[in-house]
Structures are given as C-alpha cells and as structure tokens.
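A.B. asks: Have a look at this one before I ask anything.
Just so you know, all these numbers are worked out from the coordinates, no wet-lab data involved. All of these numbers come straight from a predicted model, not from anything done at the bench. Because the Cβ atoms are built from the backbone with ideal geometry, glycine has one as well, and the counts that use them run over all protein chains shown.
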Ligand code: SF4
C-alpha cells in the first residue's frame, strides 16, 4: 500500500492564522478535523470551515492539537513543501504539437517534465486535457466547488482529438466537460491551432459545440501552435502565414458577433499573435470580456496600450518628471512585441523629450526564428545580440523572460550574469503599463516584480511551456 505522504510546512505567512498558532517551517500537518489530507484539493476543502481542529507534529515529535475559529473561507496562511501535497501527475498524451518535445537537448531535467494534473488547474491556472483526470477527481472538483477548471480542448471532434493527442481515450475524455457543465462548474477553454488539422471547418464545428457549454464555459482562446527548429522526427506541422491568420480572425470574429448577439459575451478569443501576424488592428478592450485569458496571451497587447495611455495621462496631471535628467534606457524583447514597445517608447518620448528609449528586437536563435515571443528568449541570445551595443543607463527586461519566482532565464543564465557580461544594470519589469513607465523614467520602487505564477499574467500562448 502507498505510504501516506507527510505534509511538511515550508513557510508561514506573516500575520496569518498559522503564525498566530505558532506553526513553523518543518512542522507536519497530520489531520484536519480528524481527517487525513490526501492532497491539496482535500486541504482546501477541509479548511473551508468556521471551526477547525488541526493535528500538527513538531520536529521533536510532540503533537499539538489546535482549535481554530475563523471566517468560513479564511486561509490559514500555510505553504507546504510540496505544493500539490501529493506526487505530480505526468501526462498520458503524446500531442503532435507538444512544445516540450521541441525543446533542444541538454536543458535542466525539470523543463522536460510533462504535467497534466487537474490540481494544477485549480492551483496555478494550468490547462489540462482531462485525459488524466479520474472519475474521483471529477467528483471532488464538483463537490468541493473548485473552479474554474481550465481545459485544453483543441477540438471537439473525438476522433480527431485522439489523433492530435495521440491517446485513444482523448475523445472519450471530453465527456468530463459534460459533467462539469451539468454540475455548473465554471470552465475556461483553450485551442492550440495546427494548420490543416483542427482549423477551418473543424474549428468552426468545435466553436459551435463549445458554445453549447455557455454560460459555464466562460471563454475559449485560440492560439497558434508554437514551432521551434527542433522538430526532427516529430509530426510535420506547418507554420501559419499572414493569410491563414486573416482567415482565422475572420472566422473567430464571425462567431464573436453571433455569440454576443445571442448570449451577451464574445466567448471565443483569438490570441494576440494572430493580429500581429495578420498585421491587423487589435480589437477594442470591451471585446475581451474582462480579459479572462490574459495568461494565454489574449488581450495583453490591448491592455498594455490602454495602460500606457492612462499612465501617461496620470503622469502629466501629477507633473511627474524622470528620476534622472537625460535618462537613456534600452528595452530588449522578442520580435513579436517589439513594434508594440516601440509605439509605447515613442509615446513616452513625446511626453518626456529629455528621455530616450531604445527598443531592440532579439531573435530567438535558441528555439529558432519562428519563436518570436519575449517569454522564450534565453540569456545566451540576449548576451550574444546585445554585446557591444550602447545600452544606456539600464536594460529593461520583462519578468516573463524569467523562470517563475527566479531571476534565471530558461537556459539558467541569471540576470546578474547578463548584467555583468553587458556591463549595464538590468531592471526586471512587470508586464504592465505602470511598471513599464516607471522603469523607463527610473522611478521604480524597490518592490520586486510579482512572479507570473502569482499574477497569471505574462505566460506565453503555448501548451505546457517549460
Ligand atoms: S502538450 Fe501537454 S498534454 Fe500534450 S503531450 Fe505535451 S505536456 Fe502532454
């Protein structure tokens, strides 16, 4: 029989209930209200009570029984060593578009781990394919009201789904979404579009079926497959062209109009990459229905533009001035976002003629030129392409270039190492207009940027990015 996992406390939030109870890192949570805790789903369900009895074992073996009276949904402020409080489940698919299969060899082992764990959907907003979700998990999600569940649908054609995910149970797994719909569990959906496979009429049919899950399925994003130059031996996928992007946008806009008329929501959203590829203007802010899929790169560009405009207006009213006279900074980014940042830089310069902002587009030689998002740039590419250039007072890099919660790029180079190599201070900037303007003007506070994991913003539109 599998030995029950110990839930060791890693950290206690200052000012939390756990701190008041004198819990400390190294303590072990044994049970809640007399019940053992199987995993993080159990934990969140069990602590949602007004009265709790915790059994905790201290490092010297002494057991403490603690009684707590709290508001129903108050968190205890405990972080466990294992965030899932259980083993991580790896995926049982072999998707033809999997990004992890396209990683170059020799990267850190953890980058090759393919997760498909429904508990991460609830905890971190990850998208799951449902192929790995047991009936018991489905029931627990429904009973414990854990929502929204983020689902990678890709297609609603069961037979095609089996082929795309290389899993003969992938079509059948869609029935779990029926269960969530019947139980009124909120969901978000994602479609990674592959040229000639799940686009065109297949996409049309998928949207029609997905719309049947309204209102519990709140939004569905459509993002283009990410293709690196490391696809030897993999399914021959073709990149989308400008004309393809236009067709995808026309199809999605047609559905948006129809669904907005019928349901008052736009529901299906094209990732920003489609607009940039097609060279089309981005939709107005209202079209994004409250930016439900920012983490999938849907609406980030529109939101950033709006934020820059608002921040510049605010700064004008407050007569804010730059932190230093004649400030010169460089912003390095991927090819995709470079024109947007150029536009923002010109707007800042128009308001602050004494400030100069240079925007440099860095080519992704590590993953291949087709990967144009900033979030997949490596330290090595930045170092090679920025060496010897005049970078000014600071180099600004967005936080999505760094692995969650660290200052290390995907290839393990750190911001400090890059700064040393380029001989320029580096500022890591949150992906929003306020942070951008403050960093450009040299007004940023000491506060560290939040990680993408806590803010759910700044990830890239790829299935299971490393
Ligand atoms: S794309 Fe996701 S679900 Fe598919 S094989 Fe890769 S890790 Fe697994």
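A.B. asks: Restricting the count to DSSP beta bridges whose residues both fall in the chain, what percent are antiparallel, rounded to a multiple of 5? Don't skip to the end; give the middle numbers.
C.D. replies: Numbers: 20 of 49 bridges.
Antiparallel bridges make up about 40 percent of those DSSP assigns within the chain.
A.B. asks: OK, next. Can you tell me how much longer the chain between residue 253 and residue 321 gets when fully stretched, taken as 0.36 nm per residue apart minus their C-alpha distance, in nm with one decimal?
C.D. replies: 20.3 nm
A.B. asks: Here is a further query. Would you order 274, 255, 64 from fewest to most other beta-carbon atoms within 10 Å of each residue's own beta-carbon? Mind dumping the intermediate values first?
C.D. replies: Details: 274 26, 255 19, 64 14.
So the residues, fewest neighbours to most, are 64, 255, 274.
A.B. asks: Indicate, rounded to the nearest 5 percent, the antiparallel portion of the DSSP beta bridges found entirely in the stretch 296-422. Mind showing how you got there, number by number?
C.D. replies: Numbers: 1 of 11 bridges.
Taking every DSSP beta bridge with both residues in the stretch 296-422, the antiparallel ones total about 10 percent.
A.B. asks: Quick one: order 68, 252 by neighbouring beta-carbon count within 10 Å, fewest to most. List each step's numbers first, then the result.
C.D. replies: Details: 68 18, 252 23.
Lowest count first: 68, 252.
A.B. asks: OK, next. Which ordering of 117, 272, 101 is given by a fewest-first count of other beta-carbon atoms within 10 Å? If you can, show how the numbers build up before the last one.
C.D. replies: Values: 117 22, 272 25, 101 17.
Going from least to most buried by this count: 101, 117, 272.
A.B. asks: Could I ask something else about it? Starting from the 7 Å offset along Cα-to-Cβ, what nm value, one decimal, do you get for the label separation of residue 143 and residue 360?
C.D. replies: 5.7 nm
A.B. asks: Given R₀ = 41 Å, FRET efficiency for residue 65-residue 370 by Cβ-Cβ distance, to 0.05?
C.D. replies: Working: r = 59 Å, r/R0 = 1.43.
So the FRET efficiency works out to roughly 0.10.
A.B. asks: Another one. Extending each Cα 7 Å along its Cβ direction at residue 88 and residue 166, get the distance between those two points in nm, one decimal.
C.D. replies: The two pseudo-label positions are separated by 2.0 nm.
A.B. asks: Could you give the length gained by full extension between residue 28 and residue 232, i.e. 0.36 nm per residue of separation minus their alpha carbon distance, to one decimal place? Walk me through the intermediate numbers first.
C.D. replies: Numbers: separation 204, 0.36 × 204 = 73.44 nm, distance 4.68 nm.
Gain in length upon complete extension: 68.8 nm.
A.B. asks: Return the percentage of antiparallel bridges among DSSP beta bridges fully within the stretch 100-298, rounded to the nearest 5 %. Numbers along the way, then the final one.
C.D. replies: Numbers: 0 of 15 bridges.
If we restrict to bridges inside the stretch 100-298, about 0 percent are antiparallel.
A.B. asks: Please compute the modelled spin-label separation between residue 209 and residue 107, points set 7 Å along Cα→Cβ, answer in nm with one decimal.
C.D. replies: Each label point lies 7 Å from its Cα, and together they span 3.1 nm.
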